[in-house]
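Working notes, beginning with the structure itself.
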Amino acid sequence: MNPTNLRYTKEHEWARLEADGTATIGITQHAQDALGDIVFASLPKVGATLKAGEGFGAVESVKSVSDLFAPCSGRVVEVNSALVKAPEIINSAPYGDGWICRIELADASELDGLMDAEAYAAFVAAEAH
Amino acid sequence: MSSLIRTPFYERQAALGARFVDFGGFELPVQYKAGLVAEHKAVRERVGLFDVSHMGEIDVRGPDAVAAVNALITNDLEAIADGQALYTCMCQPDGGVVDDLVVYRYSREHVFICCNASNRAKDFAWITTHLEGATAEDQGDRWAQLALQGPQAPALLQGLTATPLAPIKRYWFTEGEVAGVPAIISRTGYTGEDGFEIYVPAERAGEVWDALFAADPALQPVGLGARDTLRLEMKFALYGNDIDATTSPLEAGLAWVVKLKKADFIGKSALEAQKAAGIPRHLVAFLMDGRAPARAGYPVLDASGTIVVGKVTSGGPSPTLGRNIGVALVAAGHHAVGATIQVEIRGEAAAATIVKAPFIQPS
C-alpha cells in the first residue's frame, strides 16, 4: 500500500511534507519493483537546486537506468548518503530508509498539484493496461 | 503498434512469474521471479534454461551448399567437418557486419544457419540475393530453440536423451531426440558455460520444456536480462550494440573468425585493405574503477578526460565480479590493455581501465 501522507508523480516519485516545511523525496514501491535489484543511486549534491519535473539523478538496476524527476522545486538540504554503499535499501524500504533526498521547498503549493495515494494507485493500475 | 510474437513457451513462462519485454518483435521474459542476479548465478554455478526461439533459422541446400555459404561468410566452412558448427560474421562488401551467425555444416549439400532475431528478415533477403548454386529457406517459424547452459547442463540433458552427449564436443552438433521429440542438439551457447542449444519443432517444443523441469524441478528459467550479463562477462558481441553494419569484424576483435586466406567472400577485399592500412577502431573490454555503471552510448574519453575517443557499446554491473564492466569501441592508439580511459556518466568523467577479455574464467 502507498502511504496516504505522501504525494505522488506520474514518474513514480513521492514527496512528503515534513513538520519543518522541508519535503523528503523518494521513488515508489511500484518504481522499485519495476526496476528490480537496485545497484547504484546517482544522488544530487547538497545545495543543488531542483526544478519540478526535471531530472536530478538516477537509480540503476543491473539491467537499466531510471532517471529521477523532481516532484517539486527547491534546494537540496540533505541526501541519503546510506544509498551510496547500500542502494538496495530503496528496494526494501522505498518509503522509509530508502528515501533519496530532502529539499527546502521553493513553493509548497506545488505539492497540491501531485496525486494522492488513491489517485496514484489508479494511475498505476491504468498504466498496466 | 504491431502485435508481438509469442514463442511456444509463453504460457509456461507467464506461469513462472516472467516479466516480459519486446525484443526484436518478440514478447520474451526479461527476468523471472528469482531475479536477474539469481538467474545469472544459477547459470554460472548450476544450470539455467533460456528460451531463444526468437533466433532465426535459415536452411541452405545445394550440390555444394558449403561453398555457396562460404562465399558469404568470413570464417571458413571448408576448415570444419560435417557435424561441426562455426561462429562467423557475414559482411557487406565494405566489411561492415550484416550479422554474426552460427553455421552448422551437416554435409556438403546441407548447411543450417542460426541468426539474430532482429536480423531475420534482413539476413534471409541478403542470403537469397547473394547465394549462388544453392537455395535458402527461412525456417524461423518452424523451430523453437532452448539453451540449456551451466556446469550441470550435460547431466540434466543426458537424462532426457539416448544420444550420448560426451562425444559431442564444443561446437559440434547432432540430430537426436530429447524427451521423445526430434531435435538438433548443439554444444554451443552464449554464456561461456558448458551447455547446449536445442532446436525442436515449434509445435512439440512445450513437451521438451516440461520434461526438463520435470527432470530438475530446481532448473532455473533465465530471462534476457541475465542472458545479457552472462554474455557481457565473456565479451561476446551483441549485434546492434557492439557490432553492426558500420563496424568491421576486425575492429570488433573478431579477426579469429575472419579467414583472409580462404577463397573469396563478400567483404574480403575491404577487410584485407583495412588490415593493411591499420584497424582504425578497437572494441575493448574495460573495468570501471567506481560504483557508477557505464551504459551503452556513453562517451569514452582519453585518460586525461579531454578528447572523445569512442563510446561504450555495452556495459553494466557484472554479477560474478561485483564490479562494473563494459565494452567500448575506441580509436586506435587508445586501446592498449592496461590503459586508463574515462567514461562520461551523466556529464561526469569516471575512470576505467582497459582489460583483457573475457572478464571471467567460466567453470
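Any read-out appearing in this document is the output of simple, stated calculations on the displayed coordinates, not a laboratory observation. Model, not experiment: these values are computed from the prediction. Here Cβ is always computed from backbone atoms with ideal geometry, including for glycine, and neighbour counts include all displayed protein chains.
A few points about this structure:
- With 20 Å as the limit, the listed pairs A:Lys63/B:Lys235; B:Lys122/B:Lys261; A:Lys63/B:Lys356; B:Lys122/B:Lys275 have B:Lys122/B:Lys261; A:Lys63/B:Lys356; B:Lys122/B:Lys275 beyond it between alpha carbons.
- Within-9-Å neighbourhood charge of B:Asp76 [Cβ basis; K, R +1; D, E -1]: +2
- For residues of B:311-317, the mean tally of beta carbons on other chains within 10 Å: 2
- Inter-chain neighbour count for A:54-62: the average number of beta-carbon atoms from partner chains within 10 Å of each residue's beta-carbon is 4.
- Peptide-level mean, for A:41-51, of C-beta atoms on other protein chains within 10 Å: 1
- Cα-centre dipole for chain B with unit charges at Cβ (Lys and Arg positive, Asp and Glu negative), debye to 20: 980
- For chain A, adding -39500 (n - 2.57) for each run of n ≥ 4 DSSP H residues and dividing by the number of residues yields -5000 deg cm²/dmol at 222 nm.
- Scaled to the globular estimate 2.2 N^0.38 Å, the Cα spread of chain B, given as radius of gyration, is 0.99.
- Amide proton proximity set for B:Val21, modelled H, under 5 Å, gap of 5+: B:Leu28, B:Val30
- From the C-alpha gyration tensor of segment B:74-161, square roots of 5λ in Å: 26, 16, 14
- Nonlocal amide H pairs with A:Ser61, under 5 Å, H built at 1.01 Å: A:Val39, A:Ser66
- Per-selection metrics, the protein assembly as shown (Cα): Rg and Dmax in Å: 25.0, 83
- Between the residues B:Gly338, B:Leu131, B:Thr313, the greatest Cα displacement towards the positive end of the dipole of chain B, with unit charges on the Cβ of Lys, Arg, Asp and Glu, is found for B:Gly338.
- The listed peptides B:187-198, B:131-142, ordered by packing as a protection proxy, come out as B:187-198, B:131-142 (highest mean of other Cβ atoms within 10 Å first).
- Kirkwood radius, chain A, all distinct C-alpha pairs, inverse of mean reciprocal distance: 14.4 Å.
- Global form of segment B:154-305, assessed from the alpha-carbon gyration tensor, a/c cut-off 1.5: oblate
- Neighbours of B:Ala292, meaning other residues whose beta-carbon lies under 15 angstrom from its beta-carbon, give a summed charge of +1 when Lys and Arg score +1 and Asp and Glu score -1.
- Using Cβ point charges alone (K and R +1, D and E -1), the dipole size of chain A about the Cα centre works out to roughly 280 debye.
- Per-residue ellipticity at 222 nm computed for chain B from its helices equals -5500 deg cm²/dmol, with DSSP H segments shorter than 4 residues left out and the rest contributing -39,500 (n - 2.57).
- Dipole magnitude for segment B:7-142: about 660 debye, using +1 per Lys or Arg Cβ and -1 per Asp or Glu Cβ, origin at the Cα centre.
- Sequence-distant residues sharing a close amide H with B:Ser318 (under 5 Å, placed H): B:Arg323, B:Asn324, B:Ile325
- Of B:Val60, B:Val43, B:Asn70, farthest towards positive along the dipole that unit charges on Lys, Arg, Asp, Glu beta carbons give segment B:41-84: B:Val43
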